[in-house]
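Beneath this line is the structure, given in structure tokens, with notes to follow.
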Amino acid sequence: MKHKGAEDLPESVLRGVGGSPGVVFATVYRVHAEAAPCVDRVVNPGEINLEIERFKTAVDETRVQIDLIQEKVRHAIGQADATIFDVHKLVLDDSAFYEETIRKIERDRMSAEGALQAVTQRYGEVLSTMEDEYLRERAADIKDVARRVLSNLAGEKTHVLDGLREKSIVVAADLSPSETASLQRDQVLGFVTDVGSCTSHTAIMARALGIPAVVGLGDVTRRVETGDKILMDGTEGVVILNPSAATLKKYDTLARQRDSIQSGLAGLRNQPAITRDGHRVVLSANIELVEEVSEVRKAGAEGVGLFRSEYLYIASRNLPTEEEQLVAYQGVASLLAPDPVIIRTVDLGGDKFASSLNLPSEINPFLGFRAIRFCLAQPAIFKTQLRAILRASAHGKVRIMYPMISNVGEVIRANLILEECKGELRLEAIPFDEHIEVGVMIEIPSAAITADIISKHVSFFSMGTNDLVQYTLAVDRVNDRVAHLYEPTHPAVLRLMKMTIDAGHARGIWVGVCGQMAGDPLMTHLLMGLGIDELSMAPAALPAVKEMIRSVTLEQATLLAEVALREETAAGILSHCRELMARVAPEILELVK
Ligand code: PEP
Ligand code: MG
């Protein structure tokens with residue numbers, strides 16, 4: 001799409017998935033297209049000098065880029081954070097890095113990319129086994145610097161952080177949650193990506209930041225360039241190239257309509273989430289960043305039902321210390337008190353990684369070394385977090401939740417480590433809540449099926465439907481090619497949810513939902529009818545869900561769930577939900593269409 005003379009070009013509509021609501025018409029800033037494949041090949045003797053020159057040029061470019069970023073960080077954050085880039089420059093000038101790569105090109109006739117990767121890997125492996133923590137961390141620096149040099153070798157001259165100068169829609173093949181979190185918020189009007197789904201962590205971050213997003217568009221990066229103007233709608237999940245005047249007007253009207261429905265709903269803030277026949281559902285908020293806590297109260301939530309603590313880990317270059325975590329958790333707990341905050345222990349892996357951990361990549365990261373599996377294998381890291389959470393519990397109502405539980409043994413082991421931490425704190429005379437409640441996420445089918453067994457060891461269940469859907473249906477939640485199979489209302493998912501709710505209630509514990517389904521108004525009546533006690537969602541989603549609760553009787557919702565449990569297809573169940581919604585809350589239907 002060319003921006004010059006765009007008015008002459010036909011309009012074209014790209015359909016993806018709505019990642020975060022909002023309509024924007026703005027200029028594109030396109031981030032590196034798909035990473036070029038690494039050229040690991042044997043070079044002819046005549047090409048060796050050329051290859052060395054390519055490497056040297058890429059290193060020089062990298063040095064200039066690091067200087068620029070360092071300057072920017074110094075300006076924005078301060079000198080202390082900017083000094084990490086001195087280390088990066090030292091790596092660039094280090095003879096092991098620089099000369100050895102050149103030697104490998106000469107001696108082994110390797111391409112610049114191949115030689116650089118071999119050198120990086122060798123030093124990374126040696127450093128990551130070092131006793132000394134400082135040296136171990138240098139492995140991450142080497143990797144980071146090598147990544148920059150590699151992308152310069154591939155001709156990728158732009159990085160999100162380096163080039164965004166004016167308010168734009170960021171278009172990228174993919175954005176990692178940490179890239180999303182580190183963007184300059186005031187410059188980003190929207191996110192548009194080739195891959196992803198509404199439950200990918202990039203979309204979750206976009207919602208947390210209140211930035212509209214359309215994900216899973218397939219090849220949008222090939223169809224637009226920096227400087228083009230596009231229209232995006234994060235609710236419908238569409239991007240429109242060369243929008244006509246009529247289309248712009250239509251979306252402008254739509255955005256105004258939605259705004260006016262939303263501002264009408266804002267009046268519900270102090271109203272209870274109660275059905276027409278007096279049944280109450282607890283509505284809580286999901287937060288990813290500590291700063292979001294101010295949104296929780298504004299949205300009228302009764303506390304935080306899911307604090308995704310992993311952003312403390314991926315946003316920093318080093319593992320967060322007990323003190324650093326304490327500051328974050330205590331801050332949230334005391335601001336919310338007497339309302340509760342459920343702190344989920346760190347859920348790294350899947351599509352979220354902390355560079356400080358330097359974990360090896362896996363073929364199936366969502367089925368791999370993720371969340372509680374990582375924590376149980378790294379008790380020292382786990383204990384640092386548990387101690388910080390326990391210490392924060394002296395300053396408000398704090399609950400602990402373990403993610404990715406697949407069997408009861410993991411709960412028992414995690415609880416034993418928690419007891420160990422409590423014992424240590426008692427000995428150190430550090431106060432904490434002796435009655436702190438512990439719950440688990442039910443997000444793996446094996447946990448849902450054995451919820452009756454697991455319920456003996458916990459005080460609550462919160463269903464992570466984003467993962468429960470992906471693991472039940474064997475559909476990668478971030479893979480847009482199988483997104484059509486990602487069906488939250490699949491009868492199998494519904495049955496697992498029902499089993500979990502019944503098992504929790506039989507033991508007298510409450511059961512909530514904290515996945516994306518909890519914030520989707522189309523799902524509210526169904527979840528209530530299944531017997532859910534709590535729904536936890538992005539703060540912005542809360543008013544519409546509250547209105548949904550207030551629009552029905554529990555009897556109507558229960559009837560819907562009974563009908564749904566007898567239905568045979570996901571689409572059939574969805575249409576029953578839509579039907580009831582159209583009858584009792586037609587204006588909310590406008591928001592989700
Ligand atoms: C979920 O899986 O539904 C959930 C809430 O956790 P996350 O999205 O962080 O995996
Ligand atoms: Mg999950």
For this session: Compute the distance in nm between two label points, each set 7 Å from the Cα along the Cα-to-Cβ direction, one at Glu99 and one at Ser263.
Result: 6.8 nm
For this session: Could you pull out every residue, at least 5 positions away or on a different chain, whose amide H is within less than 5 Å of the one on Glu437? Hs are placed 1.01 Å off N in the peptide plane, and Pro or chain starts have none.
Result: Ile400
Seminar exercise, completed: Length gained, Arg122-Ser294, 0.36 nm per residue minus C-alpha separation, equals 57.3 nm
Problem set entry | Inter-label distance, nm, simple model (7 Å from Cα along the C-beta direction), Ile453/Leu357 | 2.6 nm
For this session: Please give the net charge around Ala299, taking every other residue with its beta carbon less than 13 angstrom from that of Ala299, where Lys and Arg add +1 and Asp and Glu add -1.
Result: 0
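Checking the a/c ratio against 1.5 first, then a/b against b/c, what shape does the Cα gyration tensor give for the chain?
Working: a/c = 1.95, a/b = 1.30, b/c = 1.51.
Judged from the Cα gyration tensor, the chain comes out oblate (a/c at least 1.5, b/c at or above a/b).
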Exercise. What is the sum of charges around Val438, taking Lys and Arg as +1, Asp and Glu as -1, for the other residues whose C-beta is under 13 Å from the C-beta of Val438?
Worked result: 0
For this session: State, to one decimal in nm, how far the label point of Glu567 lies from the label point of Asn364, with both points 7 Å from Cα in the Cβ direction.
Result: 3.0 nm
Exercise. Of Ala380, Gly409, Ala392, whose Cα points farthest to the positive end of the dipole of the stretch 358-430 (charges on the beta-carbon: +1 Lys, Arg; -1 Asp, Glu; origin at the Cα centre)?
Worked result: Ala392
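Counting only helical runs of four or more DSSP H residues, what would the 222 nm mean residue ellipticity of the chain come to if each run contributes -39,500 (n - 2.57) and the total is spread over all its residues? Could you put the intermediate results ahead of the total?
Numbers: 26 runs with 295 residues, N = 593.
One gets -15000 deg cm²/dmol as the mean residue ellipticity at 222 nm.
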Exercise. Which angle between 0 and 90 degrees, to the nearest 10, do you get for helix 379-392 versus the longest principal axis of the chain when only C-alpha atoms count?
Worked result: 50 degrees
Seminar exercise, completed: Heads up, the stretch 479-574 by the C-alpha gyration tensor (a ≥ b ≥ c square roots of eigenvalues; a/c under 1.5 rounded, else a/b over b/c prolate, else oblate) looks rounded
Seminar exercise, completed: Computed ³J(HN,Hα) along the stretch 53-67: with the Karplus parameters 6.51/-1.76/1.60, θ = phi - 60°, integer Hz and x for glycine or proline, the list is 4, 4, 4, 4, 5, 5, 5, 4, 4, 5, 4, 4, 4, 4, 4
For this session: Take peptides 317-323, 576-582, 337-343 and line them up by average Cβ neighbours within 10 Å, highest first, as a rough protection proxy.
Result: 337-343, 576-582, 317-323
For this session: Could you run the Karplus curve 6.51 cos²θ - 1.76 cosθ + 1.60 with θ = phi - 60° over the stretch 94-111 and give me ³J(HN,Hα) per residue in whole Hz, x for Gly and Pro?
Result: 5, 5, 4, 6, 6, 6, 5, 5, 5, 4, 5, 4, 5, 6, 9, 6, 9, 5
Seminar exercise, completed: A correct Karplus calculation of ³J(HN,Hα) over the stretch 13-29, with 6.51 cos²θ - 1.76 cosθ + 1.60, θ = phi - 60°, whole Hz and x for Gly and Pro, returns 9, 9, 9, x, 10, x, x, 7, x, x, 9, 9, 10, 7, 6, 8, 10
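Which order do the peptides 195-203, 12-20 take when ranked by the mean count of other beta-carbon atoms within 10 Å per residue, highest first? Intermediate values should be presented prior to the final figure.
Values: 195-203: 26.6, 12-20: 19.9.
Ranked from most to least packed, the peptides come out as 195-203, 12-20.
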Seminar exercise, completed: Computed from the beta carbon distance with a Förster radius of 35 Å, FRET efficiency for Leu248 and Glu579 to the nearest 0.05 stands at 0.60
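Does the stretch 198-271 come out rounded, prolate or oblate, given a ≥ b ≥ c as the square roots of the eigenvalues of its C-alpha gyration tensor, rounded meaning a/c under 1.5 and, failing that, prolate meaning a/b above b/c?
Details: a/c = 3.10, a/b = 1.38, b/c = 2.24.
Note, shape of the stretch 198-271 comes out oblate.
With a Förster radius of 41 Å, plug the Cβ-Cβ distance of Ala474 and Asn49 into 1/(1 + (r/R0)^6) and report the FRET value to the nearest 0.05. Show your work: numbers first, answer last.
On the way: r = 51 Å, r/R0 = 1.24.
Working from the Cβ atoms, E equals 0.20.
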Exercise. If amide H atoms are built 1.01 Å from N in the plane of the peptide, which residues on other chains or at least 5 residues away come under 5 Å of the amide H of Trp510?
Worked result: Phe461
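Only the coordinates and a few stated rules stand behind these numbers; no lab work does. Keep in mind it's a predicted model, so treat the numbers as computed, not measured. All Cβ positions, glycine included, derive from the backbone under ideal geometry; neighbour counts span all protein chains shown.
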